[in-house]
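One structure is given below, encoded as structure tokens.
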Amino acid sequence: MGVELANTNSAITVMENHDFSDSEIVSIVRHSLKSALEGDSNHYNQLIGIMNSSHRAAPDDIALLATGLKALSKTVFYVDITHHGMLLSAVFGMSLWNYGPDVMDAIVELIIALAASCGDLVDSCLQMLVGNFIPPVSLLHSLSQPWCIERKQQVLERVHSALINIADLIPVSPLMLEHIIPLRMPHLSKEALTVIYVENMLKIESNVLGSLVGSTMIVAVVDRLVDLDVEIGWDEILQDDSSKGIFEMELEEAPEDAKDVGFELGKATSGPYSLGGNVVAELLDNLMVLMCEHLKSCADAGRLSKVFDTLLDSFRITVLKAYKSKFAQFVVFYACSLDPEHCGLRFANMLEDIFMHGTDPLTRMSAVSYLASYLSRGRFIPSSLVAGTLKRLVDWCLKYCQSRDGKEAIVDPEVHRVFYSGCQAVMYLLCFRMRLMVDVSHLKSLLHSMPLERILRHPLNPLKVCLPSIVSEFLQQAKAAHLCTVSDEFIFNNLLESDLSKAYGGIERLDMFFPFDPCLLKDCDRFIRPNFVYWSMVKATYDDDEDGLSDDDIDEDFVDVKGEHALDVDMGRSFDDREPDLVDECVYSLNNMSFTPKSSNFLSPMRMPAMLRPSTSPP
């Protein structure tokens, strides 16, 4: 059975020049491994030479490599971790991306065999496979080429199949993957590698391994989104005039050629409305797109609810407390839009519960800011949820006021910061939804029954503490809707914020935290836009055909086939009664967050910034 190897011949020469059967080649490799244990490393060194063959070697040498790998996979029980370390290093250092299908198959077969043969090798085998999630640096410039796209598909199919096979053979391996995969995620600055790596993480979440490690993949991706998000400081979003505050900066009307020059913060464009090369924002945008596409596939497969469990936990633990987060939260927003009846309701209920019953003031303030922003911006949210939540928020604020009755009421923004955040949430929400409520008789009755004036005229004086910009818009609409009377003392002379609002907002500036203000990332916008309410779409209570917004001012995509205003119809119906085409894509507009109508004596128009400065991060 054995094949004698003359000392003067190398293993390469023997395997090249003799027409051996598969079993004879296996004997040659076995002999090489055994001889190394006995101190004769000649044949063993030649075997290492085969494993180290360059991927640019001649076809015969590549064929020899495939033959050697296959033979080695049948002799793994003769592999000794201590004595055959160089051989193992050569194998674990291979990249499937450098070879054709035959060598890929041989490498994967060997990795699976090594993992099954020795528990001490499982970690190295998993590390090697996870390392093949991404291509060698030498291939980065070719990733868009057809041959490289095909190579990527070939590699990743084999990698994921191998991970599943190893999980079947070694049940503990998925637990090891939970630690390996997040730790090996590429550095923030490596955009192309990070995108491919996250693709693989989401692929694992959706395959059979997902039931074991899927939650870890989702959490790790969300964590990376937040990491990128907080890397983009507000100073990078503001335009060059640093003397202007974040919300003071007015978004000018888009020029006629805005669509051509990248008004939607397009990549690789220039001009005042472009992203202009912010590599961190571009990477975040790409990862957000991957995540949204994954959520859509989960919804189509009927398993969004399970994934949303993890997403909601991740939001509560990470995103909610990342007060500098500006974009990552839109992943949750999109998931809610895919399933408003379940996911959308659960998200709102969680935020409300944290605000009502939480213990940490900052977390409670963040939660109610998210809640108000979510209910204001979600085009898919029914009026019943908006009205019910609004009533409970008002009741909570009233109860807080009652708890202070009989005591000395001192306007202390820090002591009563949670109360003021609740009051501001109520006013902010009504800025967006008041007109829709007063146009529906039973909602109008509910709104007029709420003790808003009692709360706002309480000695704690929320109208003096909350953001003047929101207070002014709310009072103007409330006056038109006959909800309360308005005194001239609340004309703030164009103040966007006050010392009192700054005090209750704290260093985190939670008084100015509106987490679902329009997303300024270009590519993921296509997932958010059809489900999003922009301020330019809102019809205020003081608007009429003469002085306010005319019907022509309303985005045409908000008029359905019956000629009705889609927002009004949608917000007044139950989920079951809603027309399926009410969430058709609307024309993208960044004329948003202007709390003041076209003609107003209260404030100058306020809008969110439309520009991200180029990042100073390394390419």
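The values are calculated or read from the model by the stated rules, or taken from the named source; none is laboratory data. Predicted model only: the values in this text are computed from it and were never measured. Cβ: placed from backbone, ideal geometry, glycine included. Neighbour counts: every protein chain shown. What goes into the accessible areas is simple: the full protein's heavy atoms, side chains included, and nothing from ligands, DNA or RNA. Shrake-Rupley method; radii C 1.70, N 1.55, O 1.52, S 1.80 Å.
General remarks:
- Cross-link pairs exceeding 28 Å between alpha carbons, from the set LYS296/LYS522; LYS296/LYS444; LYS444/LYS464; LYS74/LYS190: LYS296/LYS444; LYS74/LYS190.
- Cβ crowding within 10 Å averaged over residues, with 527-537, 134-144, 293-303 ranked highest first: 527-537, 293-303, 134-144
- Residues in segment 129-138 carry Karplus couplings, in order, of 5, 5, x, 7, 4, 10, x, x, 4, 5 Hz; the curve used is 6.51 cos²θ - 1.76 cosθ + 1.60 with θ = phi - 60°, and Gly or Pro positions show x.
- With K and R counted +1 and D and E -1, the other residues having a Cβ less than 11 Å from that of PRO101 yield a net charge of -2.
- Counting Cα-Cα pairs of segment 108-219 in 5 Å increments starting at 0 gives whole-percent bin shares of 2, 12, 23, 24, 19, 13, 6, 1.
- Residues MET176, MET291, MET86, ordered by accessible area of protein heavy atoms at a 1.4 angstrom probe radius and largest first, appear as MET86, MET176, MET291.
- Taking Cβ atoms as reference points and 9 Å as the exclusive limit, the residues near MET356 contribute a net charge of 0, counting Lys and Arg as +1 and Asp and Glu as -1.
- Separation of the TRP147 and SER35 label points, Cα + 7 Å toward Cβ, nm: 3.7
- For ASN42 and ILE180, a Förster radius of 45 Å and the Cβ-Cβ distance give a FRET efficiency of 0.80, rounded to the nearest 0.05.
- Among 345-351, 146-152, sorting by the average number of other beta carbon atoms lying within 10 angstrom of each residue, highest first, gives 345-351, 146-152.
- Taking all protein chains into account, the per residue accessible area for segment 313-458 stands at 35 Å² (1.4 Å probe).
- Equivalent ellipsoid semi-axes - Cα gyration tensor, segment 286-436, angstrom: 31, 17, 13
- 3J(HN,Hα) from dihedral phi, segment 205-215, Karplus parametrisation 6.51/-1.76/1.60, rounded to Hz, x for glycine, proline: 4, 8, 9, 5, 6, x, 5, 9, 10, x, 4
- Taking the average, over residues, of other Cβ atoms within 10 Å as the packing measure, peptides 44-54, 396-406, 220-230 rank 220-230, 44-54, 396-406 from highest down.
- Charged neighbours of VAL221, selected by a Cβ distance under 11 Å, balance to -3 (K, R count +1; D, E count -1).
- Model label points for ARG526 and CYS118, set 7 angstrom from Cα along the Cα-to-Cβ axis, are 5.0 nm apart.
- The H on the amide N of PHE532, modeled in the peptide plane, is under 5 Å from the matching H of ARG379, each at least 5 residues off or on a different chain.
- The base-10 log of I(q)/I(0) for segment 349-487, evaluated at q = 0.09, 0.16 Å⁻¹, reads -0.24, -0.80 [Debye formula, identical scatterers on Cα atoms, solvent excluded].
- Using the Cβ-Cβ distance between LEU169 and MET356 with R0 set to 56 Å, the FRET efficiency from 1/(1 + (r/R0)^6) comes to roughly 0.65.
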